[in-house]
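First, the structure itself, so that you have it in front of you.
The values are calculated or read from the model by the stated rules, or taken from the named source; none is laboratory data. Nothing here was measured: the structure is a model prediction, and the numbers come from that model. Don't worry about glycine lacking a Cβ; one is built from the backbone with ideal geometry, like all the others, and counts go over all protein chains shown. We work out accessible area using only protein heavy atoms, side chains counted, and drop any ligands, DNA or RNA first. Shrake-Rupley method; radii C 1.70, N 1.55, O 1.52, S 1.80 Å.
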Amino acid sequence: MLNMALYKREMKGSLKMLVIFAAVISLYVSVIISMYDPEMMKTLDSFYKIMPELMASVGMTAGATSLIGFMISYLYGFILLIFPMIFCILRGNALIARYADKGSMVTLLAAPIKRRTVAATQAAVLISGILLLVIYTTGLEIVIAETGFPNALVISELLKLNIALLCLLLFIGSICFLASCIFSETKYSIAFGAGIPAFMYVLQMLANTGKKAEAAKYFTFFTLFDAKGIIAAENSAMIGAGILGAGAVGIYIIGILIFCKKDLHI
Amino acid sequence: MSEINIQNLTRDYGSGKGIFNVSIQVEKGEVFGFLGPNGAGKTTTIRHLMGFIKPREGSCQIQGLDCWRDRDVIQSRLGYIPGEISFFDDMTGNEFLKFLSDYRKIKKDNRIQEMLERFELDPRGKIKKMSKGMKQKLGIAAAFMHNPEILILDEPTSGLDPLMQNRFVELIAEEKKKGKTILLSSHMFEEVERTCDRIGMIRNGKLAAVDLVETLRERHMRTYTVHLDSPELARDFAGDFNGICDGSTVTVSAKQSLETIFMNYYGGDQNA
């Protein structure tokens with residue numbers, strides 16, 4: 001089903017970007033977790049009182065008392081969504097559309113390899129990248145939390161939370177991959193692959209500010225990722241994550257099928 | 001059954017672009033020249049053969065297999081030089097050839113080394129830094145490395161210097177002797193004239209003529225006999241104009257340009 005030579009080449013291509021994003025995430029995760037401190041909490045809460053809309057729009061809410069609640073407020077609303085999203089956009093576009101645009105797709109298809117295998121391999125590369133980012137983040141969070149605040153973090157809760165995060169990121173990745181499969185020109189692939197997730201995120205920011213704009217939450221898939229609900233073991237949050245995961249699988253498959261059927265003017 | 005069989009292939013891109021009702025049969029062991037000016041539809045036809053585009057009307061088969069449905073099976077027996085070479089710029093030539101042999105899962109005893117030596121290519125540099133000719137040589141190595149039975153070559157000598165073009169013509173002759181089936185597209189009459197058995201001419205998406213090379217040559221070559229004042233002058237004249245000198249008489253032949261040949265075939269076509 002997969003072509004190992006291609007998989008190896010593309011994982012090498014992901015490596016540089018993965019290292020950069022892992023470094024950025026490391027910086028934020030370690031700084032933010034080390035900020036977990038009742039005194040500091042008061043300061044952040046006071047920020048929230050001064051500018052509640054701005055803080056809420058990036059998913060930061062007041063009154064997070066547990067370490068995981070604190071992490072959800074300050075990591076899972078922006079940093080752990082945006083950086084992996086940028087990774088998905090850049091790699092998603094590079095895996096199919098850029099090859100078709102530059103014409104080097106010829107090299108991949110003028111060989112006894114099924115298009116299905118080529119597309120499935122590229123999807124696997126994107127999924128592997130996302131998986132590596134989430135696994136690295138999880139490990140990092142555990143290490144930093146345990147060194148700074150022994151036993152403050154309930155590992156099982158963190159794992160559940162990060163599985164839900166993984167579902168969301170895979171879904172974002174699937175949209176980028178689909179755009180890459182549909183469009184043979186990089187500019188359109190980027191426009192849709194980046195545009196849809198970014199627009200959805202803006203809607204989420206709007207919805208978070210509350211009041212009249214709250215209805216925006218019905219128009220963005222980010223609503224399906226309910227971090228607090230996952231920790232509270234709410235059924236709706238679990239189902240939301242499940243929908244994201246299943247949707248991601250469906251969209252990857254649709255992307256592969258479209259790539260198999262389309263005309264390539266290469 | 002022909003090795004390559006294109007029947008009534010039509011692909012209309014609108015405003016007169018595309019290919020219309022193209023039918024070509026290439027037999028086993030034959031070298032078929034596919035000749036036409038830029039934008040005539042050569043590459044579009046070849047994309048159908050490669051399984052990159054699905055035929056809207058008509059069909060194309062290679063060794064009896066459908067070019068769209070069975071493209072991966074066909075590709076294992078086929079070598080292809082694309083009209084526009086675009087490889088992975090981030091790799092060196094060596095890395096690229098290594099990647100290709102892993103990707104295609106071909107055996108160690110392939111023809112890479114033979115091709116590199118034949119075309120004097122040093123594949124150690126980054127592909128990005130390579131000249132057009134070097135990339136073309138790399139493309140030739142990639143197309144021949146798995147010793148395919150069928151070769152589809154889209155303007156294979158573009159960017160090669162005359163010496164290398166000659167080596168390429170020799171290579172085609174050798175492959176033909178081995179019984180390979182070759183479809184070679186070009187916009188240069190001389191190139192196909194030297195390599196091909198039959199020539200198909202395409203213009204504005206329509207196949208204008210399919211003829212043996214000899215027939216075309218006879219029809220479109222004119223010979224003149226020129227008398228000069230002295231044998232010395234005649235010798236110089238023969239040297240300058242590539243003629244045959246006999247005393248003070250020189251026989252020179254003039255080939256018509258491709259465009260003129262096309263005009264002959266199209267006659268009163270207002271598009272011509």
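Out of the residues in segment A:22-52 that are open to solvent by 50 Å² or more (accessible area, probe 1.4 Å) and within 19 Å of A:Ile142 (Cα to Cα), state the one that is nearest to the other protein chains (Cβ to nearest Cβ).
Applying the filter and picking the extreme gives A:Ala23.
Within segment B:81-96, restricting attention to residues that are at the interface with chain A (Cβ under 7 Å from one of its Cβ atoms) and either under 14 Å from the mean Cα position of the chain (by Cα) or among the polar types (S, T, N, Q) (or both), which residue is most open to solvent (accessible area, probe 1.4 Å)?
Among those that are at the interface with chain A (Cβ under 7 Å from one of its Cβ atoms) and either under 14 Å from the mean Cα position of the chain (by Cα) or among the polar types (S, T, N, Q) (or both), it is B:Glu84.
Going through B:Ala254, B:Ala238 one at a time, which residue ends up being in contact (Cβ under 8 Å) with a residue 12 or more places away in the chain and surrounded by fewer than 19 Cβ atoms within 10 Å (Cβ to Cβ)?
Only one candidate passes the filter, namely B:Ala254.
A quick yes/no check of all residues on (1) out of contact with any Phe, Trp or Tyr (no Cβ under 8 Å at 6 or more places or on another chain); (2) open to solvent by less than 50 Å² (accessible area, probe 1.4 Å); (3) at pLDDT 90 or above:
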{"position": "A:Ile20", "(1), (2), (3)": "yes, no, yes"}
{"position": "A:Met55", "(1), (2), (3)": "no, yes, no"}
{"position": "A:Ala64", "(1), (2), (3)": "no, yes, no"}
{"position": "A:Ile72", "(1), (2), (3)": "yes, yes, yes"}
{"position": "A:Asn93", "(1), (2), (3)": "yes, yes, yes"}
{"position": "A:Asp101", "(1), (2), (3)": "yes, no, yes"}
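Against the conditions (1) in a loop (DSSP other than H, G, I, E, B); (2) surrounded by 14 or more Cβ atoms within 10 Å (Cβ to Cβ); (3) of a type in the set (Gly, Ala, Ser); (4) away from every other protein chain (no Cβ under 11 Å), where does B:Gly39 fall short? Just the number, please.
(2)
Also, quick follow-up: Considering segment A:4-57 alone, what residues qualify as being outside any helix (DSSP H, G or I) and in contact with a Leu (Cβ under 9 Å, 6 or more places away or on another chain)?
Scanning segment A:4-57 gives A:Met35, A:Tyr36.
Follow-up question, since we're still on this one. Step by step: first the residues of segment B:97-117, then only those that are acidic (Asp, Glu) and within 24 Å of the chain's Cα centre (by Cα), then the one that is nearest to the other protein chains (Cβ to nearest Cβ). Which residue is that?
That would be B:Glu114.
In addition: Taking the conditions exactly as written (touching a Cys at 6+ places or on another chain (Cβ under 8 Å), hydrophobic (A, V, I, L, M, F, W, C), within 14 Å of another protein chain (Cβ to nearest Cβ) and over 18 Å from A:Ala164 (Cα atoms)), does A:Ile266 satisfy them or not?
no
If B:Glu120 meets every condition in (1) within 14 Å of chain A (Cβ to nearest Cβ); (2) surrounded by fewer than 22 Cβ atoms within 10 Å (Cβ to Cβ) apart from one, which number is that one?
(1)
So, of the residues in segment B:1-36 that are of a type outside the set (Asp, Glu) and out of contact with any strand residue (DSSP E or B) (no Cβ under 7 Å at 6 or more places or on another chain), which turns out to be modelled with the lowest pLDDT?
Only one residue tops the list, namely B:Met1.
While we're looking at this one, here's another question. Just name the residue that is nearest to the other protein chains (Cβ to nearest Cβ) out of those in segment A:94-125 that are charged (D, E, K, R) and part of a helix (DSSP H, G or I).
A:Lys102
Would you point out which residue out of B:Ile112, B:Ile106 is aliphatic (A, V, I, L, M) and open to solvent by less than 40 Å² (accessible area, probe 1.4 Å)?
Exactly one of B:Ile112, B:Ile106 is aliphatic (A, V, I, L, M) and open to solvent by less than 40 Å² (accessible area, probe 1.4 Å), namely B:Ile112.
Which pairs have Cβ atoms under 7 Å, sit 6 or more apart or on different chains, and link a residue in segment B:37-49 that is farther than 25 Å from A:Ala111 by Cβ to one that is open to solvent by 30 Å² or more (accessible area, probe 1.4 Å)?
Short answer, once both residue conditions are applied: B:Pro37/B:His187; B:Asn38/B:His187; B:Ala40/B:Asn204.
In addition: Pick out the one residue from A:Thr107, A:Thr186 that is open to solvent by 10 Å² or more (accessible area, probe 1.4 Å) and touching a Lys or Arg at 6+ places or on another chain (Cβ under 7 Å).
Of A:Thr107, A:Thr186, the one residue that is open to solvent by 10 Å² or more (accessible area, probe 1.4 Å) and touching a Lys or Arg at 6+ places or on another chain (Cβ under 7 Å) is A:Thr186.
How many of the residues making up segment A:78-116 are free of Cβ contacts under 8 Å to residues at least 24 places away in the same chain and under 30 Å from A:Met35 (Cα atoms)?
Final tally of qualifying residues: 1.
Residue-by-condition table, conditions (1) assigned to a loop (DSSP other than H, G, I, E, B); (2) in contact with a Gly (Cβ under 6 Å, 6 or more places away or on another chain); (3) under 30 Å from B:Gly14 (Cβ atoms):
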position	(1), (2), (3)
B:Glu170	no, no, no
B:Leu183	no, no, yes
B:Ile199	no, yes, yes
B:Asp211	no, no, no
B:Asp236	no, no, no
B:Cys245	no, no, no
B:Thr251	no, yes, no
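Shifting gears a bit: Within segment B:192-204, identify whether any single residue is touching a strand residue (DSSP E or B) at 6+ places or on another chain (Cβ under 7 Å), open to solvent by 30 Å² or more (accessible area, probe 1.4 Å) and among the polar types (S, T, N, Q), and answer yes or no.
no
In this structure, does A:Phe192 turn out to be open to solvent by 30 Å² or more (accessible area, probe 1.4 Å), without any contact (Cβ under 8 Å) to a residue 24 or more places away in the chain and within 30 Å of A:Arg116 (Cβ to Cβ)?
For A:Phe192, the condition - open to solvent by 30 Å² or more (accessible area, probe 1.4 Å), without any contact (Cβ under 8 Å) to a residue 24 or more places away in the chain and within 30 Å of A:Arg116 (Cβ to Cβ) - is met.
Tell me, please, whether a residue that is touching a Ser or Thr at 6+ places or on another chain (Cβ under 6 Å), more than 25 Å from A:Ile251 (Cβ to Cβ) and part of a helix (DSSP H, G or I) can be found in segment A:76-93.
no
Now, a different point. Out of everything in segment A:217-256 that is open to solvent by 50 Å² or more (accessible area, probe 1.4 Å) and either within 14 Å of chain B (Cβ to nearest Cβ) or among the small types (Gly, Ala, Ser) (or both), what residue ends up being nearest to A:Ile96 (Cα to Cα)?
A:Ala246
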